[in-house]
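Shown next, in structure tokens, is the structure this report addresses.
None of the figures in this text is laboratory data; all of them are computed from the coordinates on show. Everything quoted here is computed from the prediction, not taken from an experiment. Cβ placement follows ideal geometry from the backbone for every residue including glycine, while neighbour counts extend to all protein chains displayed.
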């Protein structure tokens with residue numbers, strides 16, 4: 001009976017949570033309790049999209065044209081070998097080698113040469129309570145050894161933009177090109193093709209994760225800080241300040257439920273937001289109220305943004 005109840009509950013959670021996990025689009029912040037038409041929430045969402053576009057643009061600036069050309073020439077060489085054109089393959093690999101030498105001459109310590117950037121956003125439209133319930137269910141499933149059920153459930157619990165950068169590994173890629181040339185000269189074209197394909201299959205992808213709830217909260221607090229510093233704040237503006245603080249707190253609660261950041265960062269945030277409420281109550285104003293809370297959020301952001309490396313299989 002217990003197993004049956006659990007299966008039914010899991011089914012409901014999958015429908016209620018997983019079906020709402022949207023990939024590839026920025027969505028309205030899910031944890032904001034106020035109206036979706038509220039100007040502050042709409043503005044915060046626009047700033048999140050702008051922030052994501054800005055970071056993606058910065059990553060694209062790091063892409064090296066010489067690395068892109070080296071990658072393209074490697075593919076040209078592989079195609080030439082498939083067509084039995086060894087001379088064309090050697091010419092392409094010579095160009096690739098030249099591009100790699102230029103990269104290393106400019107920066108001998110460079111380990112990864114960026115060749116491309118892409119961005120993907122995963123968001124969840126669901127309440128904080130639904131996220132917590134899904135987490136609890138996943139933990140129960142893991143305790144029962146139902147790893148795959150837990151994996152499918154946890155997989156939907158994300159609100160982030162992932163910026164992926166494709167890189168040539170400079171410690172191994174140039175050597176692979178040279179080895180392919182040696183094999184072609186020795187009339188071992190099939191072995192050369194394997195070497196080149198392996199090189200193309202072992203590109204390194206670095207991923208930078210931007211936690212959307214943290215970015216949203218950060219933007220909401222920037223607006224709140226400006227109001228908190230206003231000595232002539234109106235009653236309406238004080239109400240807006242209170243709403244902004246609550247909205248930011250909701251986003252951080254979602255970030256915590258989704259695992260973006262450390263317990264220390266969250267504890268500091270909740271303590272500081274209560275202090276800010278106290279310092280700005282009854283129309284009070286001042287500067288420097290937000291320093292510690294912004295520092296705690298920087299910790300959440302840095303923790304989530306730490307790049308991770310994976311090997312790309314072409």
### Message
Averaging the inverse of every distinct alpha carbon separation and then flipping it gives the Kirkwood radius. What is it for the stretch 65-131, in angstrom units?
### Response
14.6 Å
### Message
Per-residue counts of other Cβ atoms within 10 Å, averaged by peptide: what ranking do you get for 132-141, 234-243, highest first?
### Response
132-141, 234-243
#### Entry: C-alpha center-to-center spacing [the stretch 215-294, the stretch 77-152] in angstrom
37 Å
#### Entry: Order by protection proxy (mean Cβ within 10 Å, highest first), peptides 145-151, 244-250, 77-83
244-250, 77-83, 145-151
### Task
Which order do the peptides 213-222, 158-167, 264-273 take when ranked by the mean count of other beta-carbon atoms within 10 Å per residue, highest first?
213-222, 158-167, 264-273
